[in-house]
Each structure stands twice: as C-alpha cells, then as structure tokens.
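Working notes, beginning with the structure itself.
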Amino acid sequence: MQLLKFSGHETFICKQFWLKKGYDYIRERKSFHDDSAVVELGVGRNMVTSINYWLRSFNVVDQNDQPTEFADFIFGENGKDQFIEDIATIWLFHYFLVKTNHASIYDLFFNQFRKERQDFTKEQLHSFLKRKCDEVSPRLYNPNTIIHDINVLLRSYLKPDPTEDKSDFEDNYSGLLIELSLLSRYKTRNFDDSSTINWYKIESSYRYDLPYQIVLFSILDNFVDQQSISFKQLEVSPNSPGLVFALSPDALYSKIEEIVEHNKKITFSNNTGVQELQFKSVPDKWKLLEDYYG
C-alpha cells in the first residue's frame, strides 16, 4: 500500500534559492531544529520548516537530513549547476519531486490523476485526492490540508496572474518550477449563473527545452539495470518520462530517437509491433549528466 504524505510546506512554494541555501546549511552540519536556524537562514520559523520540507521533497537531503548524491552533484564543491541556471536542472528537480514522494500530491498528480483527466478544476483534483486518502485510511483525509496542498501545487507551476495574485505576485514568480511551463489555466462560463469557473491543464506536448539526456537519466534512474524497456512502460509506468514530463507519444518517440542517435550502445526495436528501448550495456547515469554539464 502506498504511503501518502501531505502538508509540511507551511503554504510556501519552493523558492529558486532555497535549495542551495538549505544544502549549504546542512553541509555545515547544522540542524533545522536549532534555535539559530532562523538567524542563520535569514527567514522566519515557518519558512525554516518549509525549506527542510522542500529539501526532502526534491531529493536534496534524505529523511535523516543528509545530502543525497544528486544534491552533491548539483550543489557540491564542484557542483555542476550550483545556482540552478540550466533548465535541465529544473527538469531534474521536477523528476525527483514526483519520484521521491515526500510530497505525495506530485506523485499522485503526475502518475495517476493526469491519466484520468488533463483538464481539471480544483474541486475535481480535491475529490481525486480524497479518494486516494480513503483507499489508504479514512483518517488520512483532512480537507484543509488537501486544499493547501492543491494551492501550493498550482502556484508552484503556474505563472502568476497579476489580476488575481497581486499580494504574492513577485513572491510567486520566484518559484523554482515556473520556468517549466507545465501548467496553464483558463476560465469557462457557468451555465447556471453568470459566474466563471477556473480550469487548469497540463497538456502532453513535446517539451522542447527538455534535453534528451535528462529523459535518459530518468529512465536509467527509474528502470534500474533493465536491459530492455517497452515503449508502453516509458509512456505510462509510474515515474516514466511520458508521465513525469507530460510528453505526448510522438514527443516521447522523438526523445528516444535522440537518445539512440547519440548512444551507439542503445537501440530502439520496432519489430513486429513490439517497441522496445534496448541497452547493449547500461550507461552510468551520473557519467551521462557529467557529459551533459561538461
């Protein structure tokens, strides 16, 4: 049975500079539970809690608040992108946010909810999450907690609307994931009265700014040591690139073509209707990233 976790963000989205700041703080062997954390990090107590939550959610630290291999690779002394200047790094953080499942709403949203609908309202997403909570334990469901989680998810991916988010406009624009442009919104008229309904959408598309190396890294990280992986698995398996990156089937196929073109030991078989990505030898995923970042 899947372990579900909600809340912990204190209603703050993850700011672009929080992960590096939190990583450096942990590397100095300091604790988020120390009274001095507020002064050291230069934020309020609630934000200290939120930074710790996001560090775990984005796979920067483990459950014991120790830096992960991924965090050292990005933020360490010879870190490849210490100030998150490459869009590929943001895609990596997005991948780990979904896969790590410390913030369960992202796993549930990308791996399951989007299979049911790409266009949705807050109420529809709320009903889905309630259903998932009830499948685990009715005591898990807390309506206020779910509302806060939904709002933070939407604010994490949506570009702020200055007509609606005037108080937090600049704050929301500092969010880590906004650059990915995964989520959009629109309004429809309610036929019963003159009100409007807010709709949201994550449409499957090509993702031109998603490097094929990041797609391959996610495959190697998720399908560990597999010599062959079917196209269907790459499209709809949990944490697959098709789901996590919201790739259309044509876009996924195109990314696979790029992977094969640049890796002589990887082939894509399309014989007798069986489509498989095949590895003559499985590449080292960290070497792959080393080559990408140069």
Check your understanding: Among the residues of the stretch 253-267, is any without any contact (Cβ under 8 Å) to a residue 40 or more places away in the chain and among the small types (Gly, Ala, Ser)?
Key -> no
Check your understanding: Can you tell which of SER181, SER204, SER218 is under 22 Å from ASN111 (Cβ atoms), modelled with pLDDT under 95 and buried (at least 17 other Cβ atoms within 10 Å of the Cβ)?
Key -> SER204
Point to revise | Number of positions in the stretch 32-63 that are surrounded by 14 or more Cβ atoms within 10 Å (Cβ to Cβ) and among the acidic types (Asp, Glu) | key: 2
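Which residues, taken from the stretch 28-47, are part of a loop (DSSP other than H, G, I, E, B) and of a type outside the set (D, E, K, R)?
At the first step, the residues of the stretch 28-47 found to be part of a loop (DSSP other than H, G, I, E, B) are 28-36, 42-44.
Passing the criteria: SER31, PHE32, HIS33, SER36, GLY42, VAL43, GLY44.
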Practice item. Name the one entry in LYS99, LYS130 that is at pLDDT 95 or above, under 27 Å from GLN63 (Cβ atoms), surrounded by fewer than 20 Cβ atoms within 10 Å (Cβ to Cβ) and within 11 Å of the chain's Cα centre (by Cα). Key: LYS99
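Look at the stretch 22-62 and say how many of its residues are in contact (Cβ under 8 Å) with a residue 12 or more places away in the chain and either under 20 Å from THR100 (Cα atoms) or not assigned by TED's automatic domain parsing to the domain that holds GLY175 (or both). Before you say what the answer is, go through the steps one by one.
Within the stretch 22-62, the first condition is being in contact (Cβ under 8 Å) with a residue 12 or more places away in the chain, and the residues that meet it are 22-27, 31-32, 37, 40-41, 46-61.
Next, from what is left, pick out any that are either under 20 Å from THR100 (Cα atoms) or not assigned by TED's automatic domain parsing to the domain that holds GLY175 (or both): 22-23, 26, 49-61.
Residues that pass the stated criteria total 16.
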**Study point:** Hits in the stretch 1-16 (condition: surrounded by 12 or more Cβ atoms within 10 Å (Cβ to Cβ), in contact (Cβ under 8 Å) with a residue 60 or more places away in the chain and assigned to a loop (DSSP other than H, G, I, E, B))
**Key:** GLN2, LEU4, LYS5, PHE6, SER7, GLY8, HIS9, THR11, PHE12, ILE13, CYS14, GLN16
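The values are calculated or read from the model by the stated rules, or taken from the named source; none is laboratory data. Computed from a prediction, not measured in an experiment: that's the story for all the values here. With ideal geometry, Cβ positions are generated from the backbone for all residues, glycine too; neighbour counts draw on all protein chains shown.
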